[in-house]
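J.: Here it is, the structure in full.
The values are calculated or read from the model by the stated rules, or taken from the named source; none is laboratory data. No experiment lies behind these values; they were computed from the predicted model shown. Don't worry about glycine lacking a Cβ; one is built from the backbone with ideal geometry, like all the others, and counts go over all protein chains shown. Protein only, heavy atoms only, side chains kept; ligands, DNA and RNA dropped before computing areas. Shrake-Rupley method; radii C 1.70, N 1.55, O 1.52, S 1.80 Å.
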Amino acid sequence: MPANKSKKTPVFFHTDQLNHKPLFEWAFGQKIKHPETTSRAESILKSIQANPATYDLRAPKRFPLDAIKGIHNTELSVLYKRAKSLPKDKTMYPSVFPKRDLRTADPTRLQHAGYYCFDSGTPLNSTTWSAAAWSAACAVETTKAVATGESKMAYGLCRPPGHHAGESTFGGYCYLNNAAIAAHLLRSQGRVLILDIDFHHGNGTQSIFYKNKDVFTVSIHGDPKDYFPFYCGHENERGEGIGKNHNLNITSPTGTDGQEYMRILQKKILPIVKKFQPKFLVLCAGFDTYVSDPIGGFALETEDYHDIGGFIAKLGLPTIVLQEGGYEAKSLGRNVHSLLSGFNDFKHYL
Ligand code: Q9C
Ligand code: ZN
């Protein structure tokens, strides 16, 4: 057994991430219970803690202010910090979303939150900033655990998720783009590939790196003609300027199963890795591709995540795994463990 084979997978989580409790969202005219619940993180924690020989669970220690500044406009954090002074039982759901011809906003006014927000499911309250910042801190620590060579793969239990947040925009339950923060920390050391396997298009990540070629963004998702975020994520969006051909969107039909998903990985991801030769991989790990997910439209099973983990391990890259979506709380922990086991069971990887 190689010396490092006995090492545990570092996992990062801070309990303040549980203080953020969005209660409901407006979904196509209906007020529904908010899918991004604390029970999601609790389900994952439970399955991590059930395997103490495999995982080394730690809390990030520092607020990642500089790392956030590298990716997000300061107006976003000004707005989030302003929400800290909301009364405990009050939540701000922005209700005016300006379009291209409305261009002035003041982030010190909570009523202007709609300028930065692009949907009705991503509310602000007094705990949002702390939870989002600790979630980003998990991404930073996970990145460090891999970049320092401590571990070839590490997992950040990022909650709230991140891939829908742009430089100065938030939405899709995301406030800070954890994967973009991770990639930005790594890019001075070499090319970074971000592979987004959440059911939804990673629109925030795409827009942040759209004109860059040192960070290649790939997202596999349900067709945005039918699914959130609707207005981007189409296959003809390929990057711009020097970033041309460094963004790839792969849409797959409703009902896509594990077999079809593996075909996509083999056919589309392998060639990119061969050609782009990344030094690091950031995996946006969403599990709303699960067959009984209440939001997503794919049909993956728990064992399929094991295969996906194995496929990614086989790429041989140092990998930062960051939690994104996945809304059937009771299966989420099991699915996360299945994906991470796919790495750890691939004996040539660690
Ligand atoms: N209010 C992630 O999986 N719901 N976000 C659309 C309209 C938004 C999902 C309903 C789904 C966002 C990280
Ligand atoms: Zn999603």
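J.: Taking +1 at the Cβ of each Lys and Arg and -1 at the Cβ of each Asp and Glu, which of 254, 277, 210 sits farthest along the dipole of the stretch 158-294 towards its positive end, judged by Cα position relative to the Cα centre?
T.: It is 277.
J.: Starting from the Cα gyration tensor of the stretch 225-306, take the square roots of the eigenvalues, sort them a ≥ b ≥ c, and report rounded, prolate or oblate (rounded when a/c is under 1.5, otherwise prolate if a/b is larger than b/c, else oblate).
T.: It is oblate, given that a/c is not under 1.5 and a/b is not larger than b/c.
J.: Separate question: Kirkwood hydrodynamic radius, the stretch 291-350, all distinct C-alpha pairs: what's the number in Å?
T.: 12.0 Å
J.: Would you mind giving the three semi-axes, in whole Å and largest first, of the ellipsoid equivalent to the chain according to its Cα gyration tensor?
T.: Over the Cα atoms of the chain, the semi-axes work out to 29, 22, 20 Å.
J.: How large is the charge dipole for the chain, taken about the Cα centre, if only the Cβ atoms of Lys, Arg (+1) and Asp, Glu (-1) carry charge, to the nearest 20 debye?
T.: Dipole magnitude for the chain comes out near 1020 debye.
J.: Which lysines, if any, have their Cα less than 28 Å from the Cα of residue 33, not counting same-chain residues under 8 positions apart?
T.: Result set, ordered by chain and number: 21, 46, 81, 84, 88, 90, 99, 225, 330.
J.: Given 0.36 nm per residue, what is the gain on full extension from residue 260 to residue 168 after removing their alpha carbon distance, in nm?
T.: Stretched fully, the residue 260-residue 168 segment lengthens by 29.6 nm.
J.: Here's a follow-up. Compute log10 of I(q)/I(0) for the stretch 38-99 with the Debye formula, placing one identical point scatterer on every Cα and leaving out solvent, at q = 0.17, 0.19, 0.29 Å⁻¹, to two decimals.
T.: Treating every Cα as an identical point scatterer, log10 I(q)/I(0) equals -0.95, -1.00, -1.14.
J.: Moving to a separate point now. Quick check: at a probe of 1.4 Å, how many percent of the accessible area of the stretch 262-350 sits on carbon and sulfur atoms?
T.: Here carbon and sulfur together make up 55 percent of the probe-accessible area.
J.: Enumerate the whole-percent occupancy of each 5 Å bin, from 0 to the last occupied one, for all C-alpha pair distances of the stretch 1-133.
T.: Taking every Cα pair in the stretch 1-133, the percentages come to 2, 9, 14, 17, 17, 15, 10, 7, 4, 3, 2, 1, 0.
J.: Over the stretch 170-219, with the other protein chains present, what is the accessible area per residue in square angstrom, probe 1.4 angstrom?
T.: Accessible surface, normalised per residue, equals 23 Å².
J.: Of all the accessible heavy-atom surface of the stretch 107-190, with the other protein chains kept in place and a 1.4 Å probe, what percent is carbon and sulfur?
T.: Taking all protein chains in place, the stretch 107-190 shows 49 percent carbon and sulfur surface.
J.: Checking a compactness column here: for the stretch 98-233, what do you get for Rg(Cα) / (2.2 N^0.38 Å), N being the number of residues?
T.: The reported ratio for this selection is 1.09.
J.: Reachable aspartates and glutamates from residue 144, Cα under 16 Å, same-chain residues fewer than 8 places away excluded?
T.: Correct list for residue 144: 56, 66.
J.: Which of the aspartates and glutamates could a cross-linker span from residue 61 if the Cα-Cα distance has to be under 12 Å and same-chain partners fewer than 8 positions apart are dropped?
T.: Reachable aspartates and glutamates: 16, 141.
J.: Enumerate lysine pairs in the stretch 238-283 that are 8 or more residues apart or on different chains, then count those whose Cα atoms are under 18 Å apart.
T.: Within the stretch 238-283, the lysine pair count is 4.
J.: Only Cα pairs within less than 10 Å get springs; with that Gaussian network setup on the chain, which residue of 147, 179, 165 has the largest fluctuation?
T.: Its mean-square fluctuation being the largest, the pick is 147.
J.: Which residue, 256, 54, 148, tops the fluctuation ranking in a GNM of the chain built on C-alpha contacts under 10 Å?
T.: 148
J.: While we're on this one: Quick one, could you list the DSSP H helices from the chain stretching 24 Å or more along their long axis (Cα atoms) with average Kyte-Doolittle hydropathy of -0.5 or above?
T.: Membrane-span-like by this rule: 128-147.
J.: Per DSSP helix of 4 or more residues, -39500 (n - 2.57); summed, then divided by the residues of the chain. What does that give at 222 nm, rounded to the nearest 500?
T.: Mean residue ellipticity, 222 nm, calculated: -9000 deg cm²/dmol.
J.: Among 46, 144, 279, which one shows the highest mean-square fluctuation when the chain is modelled as a Gaussian network with alpha-carbon springs under 10 Å?
T.: For the chain, modelled as a Gaussian network with Cα springs under 10 Å, the answer is 46.
J.: Quick one: of the DSSP bridges fully inside the chain, what percent are antiparallel, nearest 5?
T.: Percent antiparallel among DSSP bridges in the chain is about 15.
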